[in-house]
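Here the structure is laid out as structure tokens; the discussion comes afterwards.
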Amino acid sequence: MQTIQIILSSPWFLIGWAVLMLPSLALTIHDLRTRNSHLMGLMKVVWALTVVYSGPLGLLIYWTTGRKEIRHDGLARRAFRSVAHCYSGCGMGEIAGLVIAVGLLTLDTIWVAAITFAMAYVAGYALTVGPLMQEGVPFRTAMWDAFLAETPSIAVMEIVAIGVDLTLAGDAGLGDVRFWSSLTVSLTCGLFAAYPVNVLLIRFGVKEGMMDPRRTHHAH
């Protein structure tokens, strides 16, 4: 663990991360604009944020599951699209929660975990409720559907992500490289921890998952 923390404390870790993430993000945005502009706006944001959080791994998930160029669709790809959708909102909430709890309030670990989890849950939840209501689903129905479909995924994602982050970051503050390095690692850990949960939720009909990108047509 100490060796990992030493690596994460090096500015070169973040520099290396930026070198990998930024071209991945540029390629994703270019592809969304030129080849997959038919995707709905929300999914374009989802894929961009997934790459921001997970760099080349996020790009790989988008490239193999989120483009119209995929040869066929199935449960595995649908689950990755679903977990990416959850991940984009939860990631925003988690980052905001950590910045507030650690950087502004300098709270104890248990409060950092609680506030971060709460903000991640609210952000991920809202990203499901909002689109449902735009489709005409009543507020109470949208809230209930989102609760059933997203709570297991968000819970697993955030328990893993927050646990990894607090373990790796230790007492690091906003001005420490290790704070941000640990965050990048923990977010991706949360993504992959929640993937099998989404597979099961879709397989048993608890959630539909995001539709096949080859059959999604929205105005540019």
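The values are calculated or read from the model by the stated rules, or taken from the named source; none is laboratory data. Predicted model, so just to flag it, every value in this text is computed and none were measured. Because the Cβ atoms are built from the backbone with ideal geometry, glycine has one as well, and the counts that use them run over all protein chains shown. In case anyone asks, the SASA skips ligands and DNA or RNA and just uses the protein heavy atoms, side chains included. Shrake-Rupley method; radii C 1.70, N 1.55, O 1.52, S 1.80 Å.
Quick one: compute the contact order of the stretch 47-145, relative version, from alpha carbon pairs under 8 angstrom and 6+ residues apart, as a percent.
On the way: 84 pairs, mean separation 22.4, N = 99.
That works out to 23 percent.
Counting only other residues whose beta carbon sits under 13 Å from that of residue 64, what net charge do I get with K and R as +1, D and E as -1? Present the calculation step by step, with values, prior to reporting the outcome.
Details: positive: 67, 68, 71, 77, 78, 81; negative: 31, 69, 73.
Once positives and negatives cancel, what remains is +3.
Simple spin-label model, 7 Å along Cα-to-Cβ: residue 64 to residue 7 in nm?
In this crude spin-label approximation the distance works out to 2.1 nm.
Which distance in nm do the two modelled labels at residue 72 and residue 33 give, with both placed 7 Å along the Cα-to-Cβ direction?
Each label point is offset 7 Å from its Cα along the Cβ direction, giving 3.5 nm.
How long is the gain from residue 111 to residue 14 if the chain were fully straight, where each residue apart is worth 0.36 nm and the alpha carbon distance is subtracted? Don't skip to the answer; put the middle values down first.
Values: separation 97, 0.36 × 97 = 34.92 nm, distance 2.68 nm.
Once the chain is fully extended between residue 111 and residue 14, it gains 32.2 nm.
Tell me the carbon and sulfur percent of the accessible area for the stretch 1-127, rounded to whole percent, probe radius 1.4 Å.
On the way: 4520 of 6160 Å².
The C+S portion of the solvent-accessible surface of the stretch 1-127 is 73 percent.
For residue 141 and residue 204, compute 0.36 nm times the residue count separating them, minus their Cα-Cα distance, and round to one decimal in nm.
On the way: separation 63, 0.36 × 63 = 22.68 nm, distance 1.97 nm.
Contour length minus Cα-Cα distance gives 20.7 nm.
What value, in deg cm²/dmol to 500, does the helix sum -39500 (n - 2.57) over DSSP H runs of n ≥ 4 give at 222 nm once divided by the residues of the chain? Show your work: numbers first, answer last.
On the way: 7 runs with 164 residues, N = 220.
Dividing the helical sum by the residues of the chain leaves -26000 deg cm²/dmol.
Could you check the spin-label model distance between residue 104 and residue 133? Points 7 Å from the Cα along Cα→Cβ, value in nm.
Result for the modelled spin labels: 2.3 nm.
Which value, in debye to the nearest 20, gives the size of the charge dipole of the stretch 40-107 about its Cα centre, when Lys and Arg are +1 and Asp and Glu are -1 at the Cβ? Write out the running numbers ahead of the final one.
Values: 7 positive and 3 negative charges, 70 e Å.
So the dipole magnitude of the stretch 40-107 works out to roughly 340 debye.
Determine, for each peptide in 85-92, 153-160, the mean count of other beta carbons within 10 angstrom over its residues, then list the peptides with the highest first.
Values: 85-92: 26.0, 153-160: 22.2.
My ranking of the peptides, most packed first, is 85-92, 153-160.
Give me the extension gain from residue 151 to residue 177: residue separation times 0.36 nm, minus the current Cα-Cα distance, reported in nm with one decimal. Please list the in-between numbers first.
Numbers: separation 26, 0.36 × 26 = 9.36 nm, distance 3.16 nm.
Going from the current span to full extension adds 6.2 nm.
Here are a few candidate values for Cα extents along the principal axes in Å: [x] 47, 39, 28; [y] 47, 38, 35; [z] 43, 42, 38. Which one was actually calculated from the structure I just gave you?
For Cα extents along the principal axes in Å, the calculated option is [x].
Name the residue from 206, 28, 95 whose Cα lies farthest towards the positive end of the charge dipole of the chain, charges +1 on Cβ of Lys and Arg and -1 on Cβ of Asp and Glu.
28
When the dipole is taken about the Cα centre of the stretch 61-149, and only Lys, Arg (+1) and Asp, Glu (-1) are charged at their Cβ, what size is it in debye, to the nearest 20?
Numbers: 7 positive and 6 negative charges, 84 e Å.
Here the size comes out at about 400 debye.
Can you tell me the order of 184-190, 65-71 when each peptide is scored by its average per-residue count of other Cβ atoms within 10 angstrom, highest first? Walk me through the intermediate numbers first.
Values: 184-190: 21.9, 65-71: 16.0.
Going from most to least packed, we get 184-190, 65-71.
In Å², and per residue, what accessible area does the chain have when probed at 1.4 Å with the other protein chains present?
Numbers: 11040 Å² over 220 residues.
Computed with neighbouring chains in place, this is 50 Å² per residue.
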